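Peer 1: Submitted below is the structure of interest, expressed as structure tokens.
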Amino acid sequence: PKIYAITPTHYRAVQKAELTRLSHTLMLVPNLHWVVVEDAESKTDLVTKLLAKTGMSYSHLNAATPKSWKPKAKEPRWVKPRGVLQRNTALQWLRDNVSPNEDGVIYFVDDDNSYSLEVFEEMRYLKGVGVWPVGLVGGLMVERPKINAEGKVTGWLTVWSPNRPFAIDMAGFAINLKLFHSKPNGKFSFESEKGYQESELLKHFVGSLNELEVKADNCTKVFVWHTRTEQANLAQEIKLRKENKPRSDIGIEV
Ligand code: UGA
Ligand code: MN
């Protein structure tokens, strides 16, 4: 089965570093198709060239987040959901371009997380929806599904909003492609409650928690981390600009 990895990405100083790091992980995963969706009015040269250089199987799309939903620098991170329109654009692309008979699985791969190659092999043979722990998220070392003696999911070991139907980060689950194709309404929404993006999507594909496929050694192993890169310190760059001096990156892509 093929893994369809969906990555929303947006411009900031560290974007090329993030995408380089991520691509060098994904290049090591057999039978993976990378669907990269830029949060931009048009496809940028930076991402276009980076993707071409990987030699990977990929699709390059773009969809700009409407201004009213674009996160602002000064507001708290949780005020606006990120990547909603870009992930929906990728899901629509899959519905339009990938045969419902194909064996595959869909996984949401943010551009700043850290992925072990193991997570991809955990998800590859899912028949429905699979779940596993995510490290460094929700203010904890790890968030994970609560597993009973029969090896079934009974709830969620999280502190922030544990009563969500699916209290799991975007990096903690994947969906079988045939199941995905059977539910044409499954998508994300700007309108859902804060922190409910995962639940918004998964409610279309999962009737009850005991249907979930428990991966990563009964959810005892961490194969993905919700790392976040700090903003680049560009203090001197800003100073150059104020002094009307040439910027450091003229003629060189960073
Ligand atoms: C957490 C979750 O891990 C994300 O999956 C979830 O989308 C996000 O919260 C949310 O609040 O909606 P976090 O690290 O806070 O993640 O979010 P980012 O990494 O900043 O963004 C998630 C993805 O969306 C990234 O791939 C990022 O490049 C992309 N993004 C972010 C955009 O495409 N446009 C933006 O304006 C911001
Ligand atoms: Mn992130």
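Only the coordinates and a few stated rules stand behind these numbers; no lab work does. The structure presented is a predicted model; accordingly, all values stated were derived computationally and were not measured. Note that each Cβ is placed from the backbone with ideal geometry, even for glycine, and that neighbours are counted across all protein chains shown.
Peer 1: Test GLN86 against the stated conditions and say whether it is more than 15 Å from ligand 1 (Cβ to nearest atom), of a type in the set (S, T, N, Q) and either under 22 Å from VAL36 (Cα atoms) or surrounded by 19 or more Cβ atoms within 10 Å (Cβ to Cβ) (or both).
Peer 2: no
Peer 1: Now for a different question. Please identify the pairs in which a residue from segment 12-41 that is assigned to a loop (DSSP other than H, G, I, E, B) has its Cβ atom under 6 Å from the Cβ atom of a residue that is polar (S, T, N, Q), counting only partners at least 6 apart or on another chain.
Peer 2: VAL14/THR229; MET27/THR54; ASP39/THR65; ASP39/GLN86; ALA40/ASN62
Peer 1: Another question, if that's okay. Would you point out which residue out of PHE180, PHE173, PHE166, PHE223 is over 19 Å from LEU136 (Cα atoms) and among the aromatic types (Phe, Trp, Tyr)?
Peer 2: Exactly one of PHE180, PHE173, PHE166, PHE223 is over 19 Å from LEU136 (Cα atoms) and among the aromatic types (Phe, Trp, Tyr), namely PHE180.
Peer 1: So which residues in segment 83-114 are charged (D, E, K, R), over 22 Å from PHE190 (Cα atoms) and either within 16 Å of ligand 2 (Cβ to nearest atom) or under 16 Å from the mean Cα position of the chain (by Cα) (or both), if there are any at all?
Peer 2: None; the set is empty.
Peer 1: Tell me, which strands (runs of 3 or more DSSP E) lie completely within segment 113-173 with 2 or more residues that are closer than 20 Å to ILE3 by Cα?
Peer 2: Answer list for segment 113-173: 129-131.
Peer 1: While we're on this one: Could you please let me know if PHE188 is crowded, with 17+ Cβ neighbours inside 10 Å and either free of Cβ contacts under 8 Å to residues at least 60 places away in the same chain or within 16 Å of ligand 2 (Cβ to nearest atom) (or both)?
Peer 2: Here the answer is yes, as PHE188 does meet what is asked.
Peer 1: Here is a follow-up. Filter segment 27-52 down to the residues that are within 13 Å of ligand 1 (Cβ to nearest atom) and under 16 Å from the mean Cα position of the chain (by Cα), then identify the one that is surrounded by the fewest Cβ atoms within 10 Å (Cβ to Cβ).
Peer 2: ASP39
Peer 1: Kindly check whether there is at least one residue in segment 216-229 that is aliphatic (A, V, I, L, M), away from ligand 2 (no atom under 16 Å from the Cβ), free of Cβ contacts under 8 Å to residues at least 24 places away in the same chain and farther than 30 Å from ALA13 by Cα.
Peer 2: No, that holds for no residue.
Peer 1: What are the residues in segment 115-144 that are over 16 Å from the mean Cα position of the chain (by Cα), aliphatic (A, V, I, L, M) and surrounded by 21 or more Cβ atoms within 10 Å (Cβ to Cβ), if any?
Peer 2: Within segment 115-144, just LEU126 meets the criteria.
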